[in-house]
1. Across the range 118-140, what is the total count of residues that are part of a strand (DSSP E or B) and either polar (S, T, N, Q) or surrounded by fewer than 16 Cβ atoms within 10 Å (Cβ to Cβ) (or both)?
2. I need the strands (runs of 3 or more DSSP E) fully contained in the range 141-198, keeping only those with at least 2 residues that are of a type in the set (D, E, K, R).
3. Of all the residues that make up the range 133-158, how many are within 16 Å of Y97 (Cβ to Cβ) and of a type in the set (G, A, S)?
4. Quickly run through the range 167-198 and pick out the residues that are open to solvent by 70 Å² or more (accessible area, probe 1.4 Å) and in contact (Cβ under 8 Å) with a residue 40 or more places away in the chain.
Amino acid sequence: MEEEKKNKNSRLKEIIIAVIPVLSFIAVTIGTTYAAYMASVVGNEKNGETVLKSARVYAMFNATDSIDSENILPGWSSTLNFTIVNTSPEDNLYANYTLAWEIEENTINDDNFVYTLECTSTKEGKEINESEKNTLIKVSNSRKVPTISTNIGTGMINTGVTHHCQLKVMLRESGTPQDSLQGKTFKGKIVAKGDPNV
């Protein structure tokens, strides 16, 4: 009888030990899903500015976050200026963010259709350097504009820091005939997404 009781207790312990990791996995999954939800991007228009928010990252584009041009010719260019701000109410809450191209239409599949992205960072109106906890997304060497949606890069930003970015898109003249590039269309936008910093 006592042997049977010991076996039952032993089996009960085995079941509890087996269930704990499963419950832990569920708790972690729910926590991660909630964190990802909290960091999802919400977009709206206010006073001609496109505003994107996450739990801690705020992106503001001057007038528009998109380029919508038809009948593009060699020599054409366009510029987008925008800022990324960490709006955490607490000090030293670092946040990650990703910038991406969202391409609606690009009929210019050519190596001379390129973009650059230059960013600087400031805190309290003064320029600050990059560091392990303050990383900027930069595309200094011209990179071909993608024909499909793709990520540009990921940055990190501390509370109270602002990243000032300028995206330039251009169809460079090559010095050789580019008749096939006349009258092309490009419709694309830059999207910003805040990521949980775990």
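1. Within the range 118-140, the subset part of a strand (DSSP E or B) is 118-123, 126-128, 131, 134-135, 139-140.
Filter once more, keeping what is either polar (S, T, N, Q) or surrounded by fewer than 16 Cβ atoms within 10 Å (Cβ to Cβ) (or both): 118, 120-123, 126-128, 131, 134-135, 140.
Qualifying residue count for the region: 12.
2. Numbers: elements: 150-157, 161-171, 184-195.
So the answer is 184-195.
3. Summing the residues that are within 16 Å of Y97 (Cβ to Cβ) and of a type in the set (G, A, S) in the range 133-158 gives 2.
4. Of all residues in the range 167-198, those open to solvent by 70 Å² or more (accessible area, probe 1.4 Å) come to 168, 172-173, 175-177, 179-180, 182, 193, 198.
Correct list: K168, R172, E173, Q182, K193, V198.
Conditions tested, residue by residue: (1) open to solvent by less than 20 Å² (accessible area, probe 1.4 Å); (2) within 19 Å of S121 (Cα to Cα); (3) at pLDDT 90 or above; (4) in a strand (DSSP E or B).
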{"position": "D68", "(1), (2), (3), (4)": "no, no, yes, yes"}
{"position": "G75", "(1), (2), (3), (4)": "no, no, yes, no"}
{"position": "L80", "(1), (2), (3), (4)": "yes, yes, yes, yes"}
{"position": "I84", "(1), (2), (3), (4)": "yes, yes, yes, yes"}
{"position": "N92", "(1), (2), (3), (4)": "no, yes, no, no"}
{"position": "Y97", "(1), (2), (3), (4)": "yes, yes, yes, yes"}
{"position": "W101", "(1), (2), (3), (4)": "yes, no, yes, yes"}
{"position": "E105", "(1), (2), (3), (4)": "no, no, yes, yes"}
{"position": "D110", "(1), (2), (3), (4)": "no, no, yes, no"}
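The values are calculated or read from the model by the stated rules, or taken from the named source; none is laboratory data. All values derive from a computational prediction rather than experimental measurement. Reconstructed Cβ throughout: ideal geometry from the backbone, glycine too, with neighbour counts over all protein chains shown. Surface areas here come from the heavy atoms of the whole protein model, side chains and all, with no ligands, DNA or RNA. Shrake-Rupley method; radii C 1.70, N 1.55, O 1.52, S 1.80 Å.
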